[in-house]
């Protein structure tokens, strides 16, 4: 029903987005990837995951981009979105559809629920990236596809954790990694499509304890690589959420299948 | 689950045996309800109470309540930058805005409705594991809370004692290392004996990217944490949190109760107060009391209650007696005790005299020279006096004083000593066999003990005596090693003053 309506609004969207720059996607090769989360057939066992090539937005969605979405999709405005799809703090810090363009436009939009993020990406012809897609993209640095063994890579993540979330967010557009993707680290948390399946990823068939990572040392046992605690903290944050939840430091970016790949 | 129901069955059996009547004497109205646990005094009664939380080093007031109540605890998680040392900034994650977190005080049997609030400005999800909770995860599974959200869970405080609480969100070690721990006191139903002061002290180890006291913003260092090499070991989350103006205070004659926790994440604490002895310690926070304790071991994730009475004014330094942590990593706190001195308990300094120890350098040179000379047969009076002086300084001057004047009534003088001069043979025997009992020297009576100086060889005794004979107006003369050897051979009994 909603999907049909969003298709019907496609023309209106195209008009509304005319003033905003077109979203920039780059191709990521995917391939074999050793995730922080165990991907083996049995609980806790490691196995390399295969990730199909996909395209990822180069930057998180900005406030200007989300404002344009709200113009075209009034049902996602603050106060209009149903409470089951967005909590009370949804878009509490803006943007609103009738905001004038301003200095904050290039900052990442935050305070967006998973449902709203998903709707945005759908309207743009995409979807939210899966955790594995996000993780493989975030493993890169400026010169390497997988820089995770470099302490400097980890330190960049931790340095961001050490900054209080109360500071004003900077504009999107940090330095690009080797794929041309920006701001995967050091700006905002980002929704992923399967955020609520992270604790059971890889062993959902075996009825593993979904609370494994939630308390005490159990989490460390099931981690494939103890050095990747910096990524684990992102998983911990995402897994604390429900889909209608919004956070001041939580934004999103969209992905879509690479041309020629199955959707 | 199985264990719980087994326990329940056990307690029901006990109730049949009448043992429960003792445990529930404080709640007779509930006898008919027969709760299943010794610490369960039945459903909460009276008005709902909001627990008073305090920031360290303060402790909420005693409870003075004789029934179990419904108690609401509101605890907010705050991520904030604070100083870990002068000019050193660190982003702490806190329960209630302080490290350690707010002190929680409830009564055994209370039903505690716990609200964990994660500040909207925070970046991380957090939860809480209270060691005082009976249930899986100590509440952690029920309190996993995203920023800008609030979780609620309820538990009955079944066991009395002092318990650590901490965040248990992955990675747990990092959450604890950033300061997410505190104490909850579950008071016994009859309360705790009254004291003059209660204080809240909690140790923790911290891991910063920079060195100890390196200025500026310091990030958390996971490698150091895994290797258990802390940059700081601190009481109450910052160097100087409990020193200077912020020192704990008490007056002479008062009783002090310390609730001492250890958040870790890694180190165990050898908690000690320099110059005080704990009259009583509830070690490991348990029910047993250990008395007259110098140092109590507090495990990471454990706590103790230490009680003592202040008797002498002054500054009492609390340390982790793994002592490099105290003086090189910051584990120092001060308890300042004010009031009247009591010289019968502690005198202050009474004597400050030189103590060089036996043959402390550079005295050995003269002794070595004399030994050489004796071997070559060229030992002069001067060699003997010089060597004797060095040996005298090391061995004899502590009592007889460097001036040979002794201390009247305690240590007899050697200077111008009539006793010494009266009988040279007797005098040679004194260092060899000691002297015990009443003697009179230069008109003053002495009655004390000098032990035999059996560590001295014949050469050394000869040189000391020669030095004494040629010093401080004594008549002069010379004692040879042979003389000493002969005297040594004449009997083994100590010189008894009574014989003279």
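The values are calculated or read from the model by the stated rules, or taken from the named source; none is laboratory data. The shown structure was predicted, so the numbers you read here are calculated from the model rather than taken from an experiment. Here the Cβ is made from the backbone with ideal geometry for all residues, glycine too, and neighbour counts use every protein chain on show.
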For region A:240-255, how many residues are within 18 Å of residue A:138 (Cα to Cα) and within 8 Å of another protein chain (Cβ to nearest Cβ)?
1
Could you tell me which numbered condition residue B:266 fails, if it satisfies all but one of (1) surrounded by fewer than 23 Cβ atoms within 10 Å (Cβ to Cβ); (2) within 24 Å of residue B:58 (Cβ to Cβ); (3) touching a helix residue (DSSP H, G or I) at 6+ places or on another chain (Cβ under 8 Å)?
(2)
Scan region B:447-480 for residues that are modelled with pLDDT under 90 and assigned to a helix (DSSP H, G or I) and jot them down.
B:458, B:459, B:460
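Working carefully through the options B:112, B:99, find the one that is at pLDDT 95 or above, buried (at least 20 other Cβ atoms within 10 Å of the Cβ) and in a strand (DSSP E or B).
Values: B:99 fails: in a strand (DSSP E or B).
Going through B:112, B:99 in turn, just one is at pLDDT 95 or above, buried (at least 20 other Cβ atoms within 10 Å of the Cβ) and in a strand (DSSP E or B): B:112.
Restricting attention to region B:251-260, report how many residues are crowded, with 22+ Cβ neighbours inside 10 Å and closer than 20 Å to residue B:338 by Cα. Can you show your working first?
We begin by selecting, within region B:251-260, every residue crowded, with 22+ Cβ neighbours inside 10 Å; these are B:256, B:258-260.
Cutting the leftovers down to closer than 20 Å to residue B:338 by Cα gives us B:256, B:258.
Residues in region B:251-260 being crowded, with 22+ Cβ neighbours inside 10 Å and closer than 20 Å to residue B:338 by Cα: 2 in total.
Going through A:3, A:7, A:77 one at a time, which residue ends up being modelled with pLDDT of 95 or more, more than 18 Å from the chain's Cα centre (by Cα) and farther than 30 Å from residue A:144 by Cα?
Exactly one of A:3, A:7, A:77 is modelled with pLDDT of 95 or more, more than 18 Å from the chain's Cα centre (by Cα) and farther than 30 Å from residue A:144 by Cα, namely A:77.
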For region B:176-219, which residues satisfy the criterion of being outside any loop (DSSP other than H, G, I, E, B), crowded, with 21+ Cβ neighbours inside 10 Å and within 14 Å of chain A (Cβ to nearest Cβ)?
B:176, B:177, B:181, B:206, B:208
Which pairs do you get when a residue that is on the phi > 0 side of the Ramachandran plot and within 14 Å of chain A (Cβ to nearest Cβ), found in region B:146-168, comes within reach of a residue that is outside any loop (DSSP other than H, G, I, E, B) and surrounded by 19 or more Cβ atoms within 10 Å (Cβ to Cβ), reach meaning Cβ atoms under 7 angstrom, with the pair 6+ apart or on two chains?
B:148/B:118
Just wondering, is there one or more residues in region B:267-274 that are at pLDDT 95 or above and assigned to a loop (DSSP other than H, G, I, E, B)?
yes
Tabulated pairs, region A:150-176, first without any contact (Cβ under 8 Å) to a residue 24 or more places away in the chain and more than 8 Å from chain B (Cβ to nearest Cβ), second surrounded by fewer than 18 Cβ atoms within 10 Å (Cβ to Cβ) and assigned to a loop (DSSP other than H, G, I, E, B), C-beta under 8 angstrom, 6+ apart or interchain:
A:150/A:144; A:174/A:186
Looking only at region B:120-145, count how many residues are surrounded by fewer than 23 Cβ atoms within 10 Å (Cβ to Cβ) and either more than 27 Å from residue A:249 (Cβ to Cβ) or more than 9 Å from chain A (Cβ to nearest Cβ) (or both).
5
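Would you point out which residue out of A:220, A:201 is modelled with pLDDT under 75, within 9 Å of chain B (Cβ to nearest Cβ) and touching a helix residue (DSSP H, G or I) at 6+ places or on another chain (Cβ under 8 Å)? Steps first, answer last, please.
Details: A:201 fails: within 9 Å of chain B (Cβ to nearest Cβ).
The match here is A:220.
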Could you please let me know if residue A:194 is surrounded by 15 or more Cβ atoms within 10 Å (Cβ to Cβ), more than 9 Å from chain B (Cβ to nearest Cβ) and either within 23 Å of residue B:79 (Cα to Cα) or modelled with pLDDT under 90 (or both)?
no
Residues that are over 20 Å from residue B:197 (Cβ atoms): list the strands (runs of 3 or more DSSP E) wholly contained in region B:280-348 that include at least 1 such residues.
B:290-293, B:295-298, B:302-309, B:314-320
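Does residue B:74 satisfy the condition of being closer than 20 Å to residue B:53 by Cβ, within 14 Å of chain A (Cβ to nearest Cβ), surrounded by fewer than 23 Cβ atoms within 10 Å (Cβ to Cβ) and more than 30 Å from the chain's Cα centre (by Cα)? Don't jump to the end; show me each part of the working.
Values: closer than 20 Å to residue B:53 by Cβ: yes; within 14 Å of chain A (Cβ to nearest Cβ): no; surrounded by fewer than 23 Cβ atoms within 10 Å (Cβ to Cβ): yes; more than 30 Å from the chain's Cα centre (by Cα): yes.
So residue B:74 fails the test.
Does residue A:94 meet the test of being free of Cβ contacts under 8 Å to residues at least 12 places away in the same chain and more than 14 Å from chain B (Cβ to nearest Cβ)? Working first, answer last.
Values: free of Cβ contacts under 8 Å to residues at least 12 places away in the same chain: no; more than 14 Å from chain B (Cβ to nearest Cβ): yes.
Here the answer is no, as residue A:94 does not meet what is asked.
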Neighbours by Cβ (under 7 Å, 6+ apart or cross-chain): first from region B:474-490, without any contact (Cβ under 8 Å) to a residue 40 or more places away in the chain; second surrounded by 17 or more Cβ atoms within 10 Å (Cβ to Cβ) and in a helix (DSSP H, G or I):
B:476/B:469; B:480/B:462; B:485/B:458
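Against the definition (in contact with a helix residue (DSSP H, G or I) (Cβ under 6 Å, 6 or more places away or on another chain), touching a residue at least 12 places away in the same chain (Cβ under 8 Å), away from every other protein chain (no Cβ under 14 Å) and on the phi > 0 side of the Ramachandran plot), how does residue B:42 come out, yes or no? Full working, then the answer.
Numbers: in contact with a helix residue (DSSP H, G or I) (Cβ under 6 Å, 6 or more places away or on another chain): yes; touching a residue at least 12 places away in the same chain (Cβ under 8 Å): yes; away from every other protein chain (no Cβ under 14 Å): yes; on the phi > 0 side of the Ramachandran plot: yes.
When the stated conditions are applied, residue B:42 passes them.
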